[in-house]
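To start, the structure under review is shown below, and the notes come after it.
The values are calculated or read from the model by the stated rules, or taken from the named source; none is laboratory data. Predicted model, so just to flag it, every value in this text is computed and none were measured. Backbone-built Cβ (ideal geometry, glycine too); neighbour counts: all protein chains shown. Ligands, DNA and RNA are excluded from the accessible area calculation, which covers all protein heavy atoms including side chains. Shrake-Rupley method; radii C 1.70, N 1.55, O 1.52, S 1.80 Å.
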Amino acid sequence: MKRTFFLGMAVLLFFACNQGPQRYTQNSPEIDTVKKLLANYNAKAYDISVYADTSKTFYNTKDNPLSPSETMAYHEQNDANYSTRGFLDENQEYEMVVSDNGETWVNCWLNWQGTIAATDKEVTIPIHLTYQFTDGKIVKEYGYWDPTEVVLELQKIAAEAKMMEENTESE
């Protein structure tokens, strides 16, 4: 009877200690890297050191990836449209997942807010970003959001500017 009890305890201990690697967490060095990247974005301090040299970034597409330097140029170019912009501090969610293939991914769900410089219109957009990491560096980045409100506002501004230009030329 004692043998059966101790054998049962040994089996339970073995399975309790042999759970395998952690595949999901909300705290990791990779999540800290993403938070640093987003803080740099908010501060307009563009730093590509967190990216692998061969990293590919896809924003609202699966085609035509951006290199790390092209990604930073993309952000710098878009900054001209806004008097203020950045990710909000509240309601941010981060998770790190190790896939069945052993790939490390960080997902985040954030709210971005910007004020369009020409009209002072404030826009808030929910954004999903996901990053694949290898050896502590970002090797892939995907970003998805609905840009419709910003695009329509910028088109309206461009149309008004064109109309003003045409009126000036006709006078």
- Task: Roll a 1.4 Å probe over the protein heavy atoms and report the accessible area of Arg23 in Å², nearest 10.
- Result: 110 Å²
- Task: Would you compute, from DSSP H runs of 4+ residues alone, the mean residue ellipticity of the chain at 222 nm, taking -39500 (n - 2.57) per run and dividing by the full residue count, rounded to the nearest 500?
- Result: -12500 deg cm²/dmol
- Task: Express the relative contact order of the stretch 28-171 as a whole percentage, based on alpha carbon pairs under 8 Å and six or more residues apart in sequence.
- Result: 22 percent
- Tally Lys and Arg at +1 and Asp and Glu at -1 over the other residues with C-beta under 15 Å from the C-beta of Val106: what net charge comes out? -2
- Task: Step through the residues of the stretch 26-32 one at a time and calculate ³J(HN,Hα) from phi using the Karplus curve (6.51 cos²θ - 1.76 cosθ + 1.60, θ = phi - 60°), rounding each to whole Hz and writing x for Gly and Pro.
- Result: 10, 9, 6, x, 5, 5, 4
- Apply 1/(1 + (r/R0)^6) to the Cβ-Cβ distance of Thr84 and Ala159, taking R0 = 35 Å, and write down the FRET efficiency to the nearest 0.05. 0.90
- Task: Please identify which residues in the stretch 26-55 have an amide N closer than 20 Å to a label point set 7 Å out from the Cα of Glu76, following the Cα→Cβ vector.
- Result: 37-55
- Taking a label point 7 Å from the Cα of Trp145 along the Cα→Cβ vector, which residues of the stretch 64-79 have an amide N closer than 15 Å to it? 72, 74-79
- In nm, give the distance between the simple-model label positions of Asn91 and Ala117, each being 7 Å from the Cα along the Cα-to-Cβ direction. 2.8 nm
- Please identify, among Ala158, Ala52, Ala80, the residue showing maximal mean-square fluctuation in a Gaussian network model of the chain using a 10 angstrom Cα cutoff. Ala158
- Of the residues Trp109, Trp145, Asn167, the Cα lying farthest along the dipole of the chain towards its positive end, which is defined by charges on the beta carbon of Lys, Arg, Asp and Glu, belongs to Trp109
- Can you give the FRET efficiency for Asn64 and Asp100, using 1/(1 + (r/R0)^6), R0 = 30 Å, r = Cβ-Cβ distance, to the nearest 0.05? 0.60
- Query: Just Asp100, Asp47, Asp120 to compare: in a GNM of the chain, with alpha carbon springs under 10 Å, which one fluctuates most?
  - Reply: Asp100
